[in-house]
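Worksheet: one structure, shown below.
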Amino acid sequence: MTIHSTEKLNLLQQQGWAEKDILFEMTCDLTTEGHFLDTYIALSRHEMLIATSLKSPDQEKTFKGYSLPVKSHTQHNTQGAEHWSIQTLKISDIESVFIVNLVASGMLVVKAPKERMIAAFTNGLMSKASRLTAIIKKLKQQEELDSELLKDEGVNASCPKCGRIYPEEGREVCPKCMKKSALFIRLLSFAKPYKTSVLLIIVLMLLSSVTTIVIPYLTGTALFDQALQGEGYFAGQVGLVILLVIVFRTLSLIFGVLFGIINARMAANIVFDLKSVIFTAMQRLSLNFFQRKQTGQLMTRVNYDSAELQIFFIDVLSYFVVNVMNIIGITVILLVLDWKLTLLCFLPLTIVFFLVRKVLPKLWRLSWRTHRRVSAMNSIISDSIRGVRVVKAFGMEHKEMERFQRANVNFSGSEQHYNRLSGTIFPVLNLLTHMGGMFIWAFGGWMVLRGEISFGLMLTFVNYMYLLYGPIEFMNNIVGWWSRCMTASQRIFEIQDANPDVKEKEDTIRIPVMKGDIQVSNVVFGYEPNKSILKKVTLQVKAGQMLGVVGHSGAGKSTLVNLISRLYDVNEGAITIDGVNVKDLAAESLRSNIGIVSQDVYVFSGSIAENIAYANPDCSVMDIIHAAKIANAHDFIEKLPDGYDTLVGTGGYNLSGGEKQRLSIARAILHNPKILILDEATASLDTETELQIQEALDKLIKGRTTIAIAHRLSTLRNADYLVVMDQGKIVEEGTHESLMSTPGAYYTLVKKHDEALKMSEVISA
Ligand code: ADP
C-alpha cells in the first residue's frame with residue numbers, strides 16, 4: 001500500500017520495512033493512559049510495528065483531539081524516528097488480538113503471550129481498528145485477505161490542516177478548512193441552466209446602472225452650468241434637460257423592475273432545484289443516516305437553508321454586482337470630474353466604513369441574543385399553554401408566572417441594549433455620511449467662489465455622493481450575508497455529498513420475479529464498529545416456506561430482517577436470495593420482491609386509497625378494494641365518513657393501531673411480493689382485532705416465502721420452521737413439535753407465554 005506520510009515512511013524504512021510489504025497502517029490517537037497522543041501501527045505479512053510518540057501529550061494535541069496546526073506536522077518530518085518508541089511483534093507470536101470497548105473510545109489489546117494494551121483510540125477510528133484486528137486474525141489463520149479489509153481510505157480520518165476528525169469516515173471534507181470560494185463556485189453552478197436569464201439580468205443591470213449614473217450629471221452640470229448658463233452642449237435647453245431626466249429616471253425604473261422580475265424568477269427556480277437536489281440526495285441515503293440525524297434538523301436543511309440561499313440569490317448576488325459596478329462607475333466619474341473633491345468626499349465615508357465594521361458585529365450578536373431570548377420566552381408560553389392541565393393539577397400557576405417573568409426580564413434587557421446601541425450608532429453614521437455632503441458644500445462652495453469649479457459641478461458631486469451611500473451600506477452588510485449563505489450551502493452540500501452506507505453496484509443483477517430461496521450464512525453485523533449485534537447467524541428459508549423467528553426483545557430479530565431486505569449491509573458472511581448475494585442484486589428487484597408488514601405502520605398524509613396503493617400508484621380502484629377485502633379492512637373503511645377517500649395521516653382522520661395494521665396488510669397484498677417479512681405484526685392488539693389480522697395474514701402468506709417475527713407465539717402456528725434467537729445468536733431451531741419435545745429455550749418461552757395469557761384472561765375476567 002502507499003504510505004502517505006513521509007515521516008511514517010521514514011520511520012518504516014529506518015526499521016528496514018519496505019513500502020510494498022505494508023498491508024495495513026493506522027494511527028491511534030490516544031495513549032494507553034488516555035492522553036491524546038499518536039501511536040502508529042503498521043502490519044506486514046509477518047510482523048506488526050507499534051510506534052508510540054514520545055512527545056508530551058499537550059505538545060501534540062489539544063484536549064479536544066484537534067492537533068495543533070501544520071507546525072507540529074513539519075516538526076515531525078524533520079525529527080524522524082528518534083521521537084518514537086518502537087517495538088515489533090511477530091504475527092506468529094501473537095495469540096490473539098481484540099478491542100475493548102470503552103465509553104467513547106476503544107483499546108487495542110494483544111495477547112503475546114501476556115495480555116497487554118498496545119494503543120487506544122477515539123470512536124472515530126473504531127472501524128479501522130476493527131479491520132486491523134480482523135486482518136491479524138486472518139493472517140494468523142493464513143486465510144485469504146479480501147480487498148474490502150485492505151482498502152486504502154486515503155490520507156487520514158482527520159483533516160491534515162487543522163487535525164479535526166472528518167464528520168464522515170471516508171469523505172475528506174473538513175467543515176472548518178473547506179474552501180469557501182470552491183463552495184461559492186459550486187453554488188453558482190446551480191445558475192447554469194438559466195444562462196439566458198443570467199445574461200438578461202446582466203444586461204438589465206448594466207442598463208439600470210448607466211441610466212442611474214447619468215442623472216446626477218444632468219441635474220448638476222448639464223442643468224446649472226450649461227442650460228441655465230447658456231453655455232456648452234445644453235445651452236438654453238432647460239426643457240430638454242428636464243425631459244432627459246424624466247426619460248432616464250423612467251428607463252432606470254423600467255430596467256430595475258424587469259431585472260427584479262427576472263431575478264426573482266431565476267432565484268426561485270434555483271432554490272427549487274436546490275430543494276429537489278437535497279430531497280433526492282436524502283432518498284438515496286441509507287437508513288443509518290436518518291437514524292443518526294434529528295428529523296427537525298433535516299427538515300431545517302430542506303426548508304430553512306434553502307430559504308437562506310434564496311435570499312442570497314435574490315437580494316445579495318445580483319445587487320452585489322450592481323453595487324460594485326455603481327461604486328466603481330461613480331468613483332471613476334468623480335475622479336474625472338475633480339480628484340480633490342473626490343478625496344474630500346471619501347474622507348468621512350472611510351470613517352463610516354470602519355465604524356460600521358466595528359459596530360455591526362456587536363449589533364449582530366445583540367440581535368441574536370434577543371432572538372434567542374424571545375425563543376426561550378415563547379417556549380415557556382407554549383409549555384404552559386400545552387401543559388395547562390399539569391400546571392393546574394399541581395397548582396403551579398405562580399411558578400409558571402415566575403418562570404415567564406424571568407424570561408421576560410431577560411428578553412426586555414437585551415432588547416433595550418440593542419435599541420440603545422442602534423439608536424446611537426445609526427444617527428452618528430447618518431451624520432458622518434452627511435458630513436461628506438457638508439464638506440463638499442463648504443469646500444466646493446469655496447472653490448466655486450474662487451471660480452475654480454462651477455456651481456453645477458459641485459451639485460453633480462453632491463448628487464453622486466448621495467448615490468454612493470446605498471451601495472456602501474450594502475457592502476457593509478455583505479459580510480453577514482456571505483457567512484450565513486456559506487453555512488447554509490455547506491450544510492446542503494454535506495447531504496448531497498454524503499456517502500450512502502448501502503451502495504448499489506454498477507453491474508447489478510436483476511431478478512424481476514424471485515423464487516424466494518433465502519440463505520443467511522455466517523452473518524456478523526453491528527450498527528457500530530466492533531459492537532456485533534448478530535454473531536455468526538446461519539439459516540435457510542426455502543421458497544414458499546414460513547420461518548418463525550422468536551426470542552426476547554433485543555435479541556436481534558429485527559436486525560436480521562433489516563439485513564435480508566438490505567437496509568444495512570452485513571459486516572461478515574453473506575445473505576443470498578435465489579443464490580444471488582443481496583449486495584449484487586439491483587435495489588429495484590429487491591424492493592419489488594420483498595414486502596414488510598411491521599408493527600409501526602406509517603400512514604402518509606392522503607386518502608385511504610392512496611395509502612393502500614402506495615407501492616402501486618397505478619392500480620385500479622377495484623384492485624384497492626379487493627386488497628382491502630382480503631386484509632379485512634374493507635368493512636371499517638366503508639364505515640369511515642368518506643370511505644376510501646377519507647383523509648388520514650397528519651391532520652387527517654385518526655386510525656387505530658389495528659386499522660393501520662390492516663391498511664399495511666392491504667398495501668402488502670397490492671405490492672404482491674414474493675418474500676414477506678412480518679415484524680411483530682400482531683403485537684399489542686386486542687384479541688378480536690388480532691384474530692381479524694391473523695386471518696388476513698394467513699391469506700397474505702399463501703404462496704410466499706415468509707419470515708415472521710412474533711411476540712405472540714400463537715401467531716407462528718403455521719410456521720414450517722422456527723429459530724430461537726438470543727443475544728444475536730441462533731440458540732435453537734426446528735419445527736414447533738420438535739422444539740416442544742425438549743425443555744429448551746423455545747419450550748420455556750412457550751410456557752411463559754401461556755402463563756402470561758392465562759394471567760391476562762384472569763385479569764380481564
Ligand atoms: P429485536 O427485534 O429482537 O427486539 P433488534 O434487532 O431490534 O432486536 O435489536 C437488537 C439490538 O440492536 C438491540 O440491542 C438494539 O438496541 C440494537 N439496535 C437496534 N437498532 C439499532 C440502531 N439503529 N442503532 C444502534 N443499535 C441498534
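Some points to look at:
- Between T221, Y194, I254, the Cα set farthest toward the positive side of the dipole of the stretch 178-256 (charges on each charged residue's Cβ, about the Cα centre) is that of Y194.
- Rounded Å value of the spacing that divides the Cα centres of the stretch 609-636 and the stretch 522-542: 36 Å
- Charge dipole (Cα centre; +1 on Lys/Arg Cβ, -1 on Asp/Glu Cβ; no other charges) of the chain amounts to roughly 1700 debye.
- Kirkwood Rh, angstrom, the stretch 357-499 [1 / mean 1/r, Cα pairs]: 20.3 Å
- Local charge for L459 was computed over the other residues whose Cβ lies under 14 Å away, with Lys and Arg +1 and Asp and Glu -1, and equals -2.
- Integer Hz, Karplus 6.51/-1.76/1.60 couplings in order for the stretch 577-589, x for Gly and Pro: 10, 6, x, 10, 4, 4, 5, 8, 7, 5, 4, 4, 5
- In Hz, Karplus ³J(HN,Hα) per residue of the stretch 404-419 (6.51, -1.76, 1.60; θ = phi - 60°; x = Gly, Pro): 5, 4, 4, 5, 5, 4, 4, 5, 4, x, 6, 5, 4, 4, 4, 5
- Short-range pairs are left out: with C-alpha atoms under 8 Å and at least six residues apart, the relative contact order of the chain is 9 percent.
- Taking the charge dipole of the chain about its Cα centre, with +1 at Lys and Arg Cβ atoms and -1 at Asp and Glu Cβ atoms, the residue from L206, V537, F346 reaching farthest to the positive side is F346.
- Isotropic mean projected area of the C-alpha convex hull, the stretch 175-331 (nm²): 12.4 nm²
- If only the Cβ of Lys and Arg carry +1 and only the Cβ of Asp and Glu carry -1, the dipole of the stretch 708-761 around its Cα centre is close to 140 debye.
- Sorting 343-350, 662-669 by average packing, meaning the other beta carbons within 10 Å per residue, from highest down gives 662-669, 343-350.
- Karplus-based coupling profile of the stretch 339-356, in residue order and whole Hz: 6, 5, 5, 4, 4, 4, 6, 7, 4, x, 5, 5, 5, 4, 4, 5, 4, 4, with θ = phi - 60° in 6.51 cos²θ - 1.76 cosθ + 1.60 and x standing for Gly or Pro.
- Lysines with Cα under 22 Å of K639, excluding same-chain neighbours fewer than 8 positions away: K629, K660
- For trypsin sites (Lys or Arg not before Pro), the sites in the stretch 419-499 that DSSP calls loop and that have at most 13 other Cβ atoms within 10 Å are R450.
- Ranking G451, P617, S276 by Cα position along the charge dipole of the chain, where only Lys, Arg, Asp and Glu carry charges on their C-beta atoms, puts G451 farthest toward the positive end.
- Stokes-Einstein diffusion of the chain at 10 °C, 1.306 mPa s viscosity, Kirkwood radius from Cα pairs, rounded to a whole number: 47 µm²/s.
- Angle of helix 195-217 to the longest C-alpha principal axis of the chain, folded into 0 to 90 degrees and rounded to 10: 20°.
- For the listed residue pairs K179/K340; K557/K699; K531/K702; K192/K358, the alpha carbons are over 31 angstrom apart in K179/K340; K531/K702; K192/K358.
- DSSP beta bridge pairing in the chain, given as percent antiparallel to the nearest 5: 70 percent
- Cβ-based net charge around S741, under 14 Å, with every Lys or Arg adding one and every Asp or Glu removing one: -2
- If you take the Cα centroid of the stretch 179-256 and the Cα centroid of the stretch 737-756, the two points sit 88 Å apart.
- Of the chymotrypsin sites (Phe, Trp or Tyr not before Pro) in the stretch 586-670, those whose Cβ has at most 16 other Cβ within 10 Å and which sit in DSSP loop: Y602, F604
- Expected 222 nm ellipticity per residue - DSSP helices of 4 or more, -39500 (n - 2.57), all of the chain, to 500: -17000 deg cm²/dmol
No value in this document is a laboratory result; all are computed from the given coordinates. No experiment lies behind these values; they were computed from the predicted model shown. Cβ: placed from backbone, ideal geometry, glycine included. Neighbour counts: every protein chain shown.
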